[in-house]
Amino acid sequence: MSNVRKILNVVDLSQIFDQYFNSNENGLVRLRNPNLKSLDHDFLYHLELGTNDHDFVKMFGDVKFICTGGTAIRMKNFINSIEPELSKKLKTKLEIWQHSSSRYSMYKVGPVLAVNHGIGVPSLQILLNELFKLMYYAKMKNPVIFRIGTCGGVGITPGTVVITNEGVDEEINPYFVQVVLGKKIHLPATLDRQLVRELKALVNSDDPYDTIIGKTMCTSDFYEGQGRLDGAFCKHTIADKMDYLAKLQEAGVVNIEMECTAFAALTYQAGIKAGICCVAMLDRFKGDQIRTSNEVRKQWELRPQDIISRYILRHL
Ligand code: R2B
Ligand code: URA
C-alpha cells in the first residue's frame, strides 16, 4: 500500500486515504461523496433513470453481476445467451428487461445486468459514475463488475483471451490520472488478484483458444495512440512502432485497449470487485488492420463472454 500512498501524494489524498480505499461494509456499495446526501432527487442523466421516477431497489436490488462492454449489441447477445442457463439453474423462466437511453443500453435478466460503455475512458467513466450510484440506490449487495471486450494483442495469437491483472497507461505507469480542478490525481489501476485467478481457473482444457493473464495497456486513441501506422496521421516509423511494442512486451504487457486503467482505478476506488477479460483481434507485431472476417470476429467476441458466464453460473 505504501506505493499507492506515494502515488496519491501527487495531490494530498493521504489523509482521506482510508475513506477512499476501505472495503464496503455489509457488502453494500458505499459512495465516497458526502454531497449526495443533500440531493433530494438524483437524476442519472446519461442512463435516463432518476431516483424520483424509478424504484431502483425494485428494479435492480437483486443484481449481483454487472457486465460492461463496448457495444449494445454485444451486451444484448450476452444477456440472450445467458438467459436459458440462468433460468435452468434458478428453476424459473426469467424475463429479459431492457432500457435504452440515447447514450447507453442496459439489459437485465435475473441477477445479471449488462450495459454498453462505448469507446474510451470518458464514455466509460461517465457510465461508471452513474452505475455506482445506481448500485448504491438499489442497495445491491456484493456486486461484481466485469468489462468484456476486444483488444489488440502484443505478441500473442489472435483469438487469445486476456485476463488483465493490472492496467498501465501509455508510459507503462500502473495508474489512471484523473484531473480534478486542474490538479492531477493518480489512482492505482488495481484489479482483484483473487478474481483474476478464479477467472483463469474457469478455462476448460478443451477450449479451442488460449486464455492468458497479463498487463493491459490503455490508450485514449485507436490509431497513433496505439502506435498504428494506418490512421489519418502518423509521425513515427515502423521501427519506432516495433521498439515501442517490444518495450511494452518487456514490461509484461500482452494487450492494448482503451478503458482498462479507468475501469480498474474507479472500481478499486469504489471498493467494487472487478475483472477485465478481452479477446485479441490481431497481433500488433504483425500488423495494424483488423482483417479477420466478420464471422470469425463474432465467434471470438463470444470467448470472454463464455468465461464470465461460467463465473456467474458458478457463483449463483
Ligand atoms: C477495444 O476496442 C475499442 C476500439 O475499437 C475500444 O473500446 C477498446 O478498448
Ligand atoms: N481494440 C483496440 O483498442 N485496439 C485494437 O487493436 C483492437 C481492438
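The values are calculated or read from the model by the stated rules, or taken from the named source; none is laboratory data. Everything numeric here is computed off the predicted structure, so don't read it as measured data. Note: ideal-geometry Cβ built from the backbone for every residue, glycine included; neighbour counts use all protein chains shown. Surface accessibility is based on the protein's heavy atoms, side chains included, excluding ligands, DNA and RNA. Shrake-Rupley method; radii C 1.70, N 1.55, O 1.52, S 1.80 Å.
Other residues whose C-beta falls under 12 angstrom from the C-beta of A265 contribute a net charge of -3, scoring Lys and Arg +1 and Asp and Glu -1.
Rounded to the nearest 500, the 222 nm mean residue ellipticity of the chain from helices alone is -10500 deg cm²/dmol, with -39,500 (n - 2.57) taken per DSSP H run of at least 4 residues. Across the alpha-carbon set of the stretch 2-315, the Rg to Rh ratio works out to 0.96, Rh being the Kirkwood radius.
Students often check this: by mean Cβ neighbours within 10 Å, which of 162-169, 236-243 ranks highest, and how do the rest follow?
Details: 162-169: 24.2, 236-243: 12.4.
Ranked by mean Cβ neighbours within 10 Å, highest first: 162-169, 236-243.
Note on the chain: GNM, Cα springs under 10 Å; of T150, T190, T51, the largest mean-square fluctuation is that of T51.
Packing, as the average of other Cβ atoms within 10 Å across residues, places the peptides 71-77, 293-299, 27-33 in the order 71-77, 27-33, 293-299, highest first.
Rounded to the nearest Hz, the phi-derived 3J(HN,Hα) couplings of the stretch 189-195 under the Karplus curve 6.51 cos²θ - 1.76 cosθ + 1.60 (θ = phi - 60°) are 8, 9, 10, 5, 4, 5, 5, where x marks glycine and proline.
Taking amide hydrogens as placed 1.01 Å from N in the peptide plane, the amide H of I145 sits under 5 Å from those of I66, K273, A274, G275, each at least 5 positions away in sequence or on another chain.
For the stretch 158-209, the Kirkwood hydrodynamic radius comes to 13.5 Å, computed from all pairs of different C-alpha atoms. In order along the stretch 179-184, the phi-based Karplus estimate (6.51 cos²θ - 1.76 cosθ + 1.60, θ = phi - 60°) of 3J(HN,Hα) comes to 9, 10, 6, x, 10, 8 Hz; Gly and Pro are listed as x.
Share of the chain's accessible area from carbon and sulfur, percent, 1.4 Å?
Carbon and sulfur: 50 percent of the exposed surface of the chain.
Residues in the stretch 50-59 carry Karplus couplings, in order, of x, 5, 6, 9, 10, 8, 4, 5, 5, 6 Hz; the curve used is 6.51 cos²θ - 1.76 cosθ + 1.60 with θ = phi - 60°, and Gly or Pro positions show x. Comparing T219, T267, T292 in a Gaussian network model of the chain, where Cα atoms under 10 Å apart are tied by springs, the biggest mean-square fluctuation is seen for T292. Other residues with beta-carbon under 15 Å from the beta-carbon of F233 carry, at +1 per Lys or Arg and -1 per Asp or Glu, a net charge of -2. Across the alpha-carbon atoms of the stretch 234-316, the computed radius of gyration and Dmax are 16.3, 51 angstrom.
Label-to-label distance for F233 and A201 is 4.7 nm, based on points extended 7 Å past Cα in the beta-carbon direction. Between amide H atoms placed 1.01 Å from N, distances below 5 Å from F176 occur with L187, A189, all of them 5 or more places distant or on a separate chain.
What fraction of the DSSP beta bridges in the chain is antiparallel, stated in percent and rounded to the nearest 5? Counting only bridges with both partners in the chain, antiparallel ones make up about 45 percent. If Lys and Arg each add +1 and Asp and Glu each add -1, what is the summed charge of the other residues whose beta carbon sits under 15 Å from the beta carbon of W300? My count for the surroundings of W300 gives -2. Summarising the amide proton neighbourhood of M140: residues at separation of 5 or more, or on other chains, whose placed amide H is nearer than 5 Å comprise V29.
Placing +1 on the Cβ of every Lys and Arg and -1 on the Cβ of every Asp and Glu, with nothing else charged, gives the stretch 58-152 a dipole about its Cα centre of roughly 240 debye.
Taking all protein chains into account, the per residue accessible area for the chain stands at 48 Å² (1.4 Å probe).
Label reach from N294 (point 7 Å along Cα→C-beta): in the stretch 65-81, amide nitrogens under 16 Å belong to 73-74. Evaluated at q = 0.15, 0.19, 0.22, 0.24 Å⁻¹, a Debye calculation over the C-alpha positions of the stretch 181-280 (equal weights, vacuum) places log10 I(q)/I(0) at -0.78, -1.07, -1.21, -1.28.
Applying a DSSP loop filter and a limit of 13 other Cβ atoms within 10 Å to the trypsin sites (Lys or Arg not before Pro) in the stretch 84-175 leaves K91, K93.
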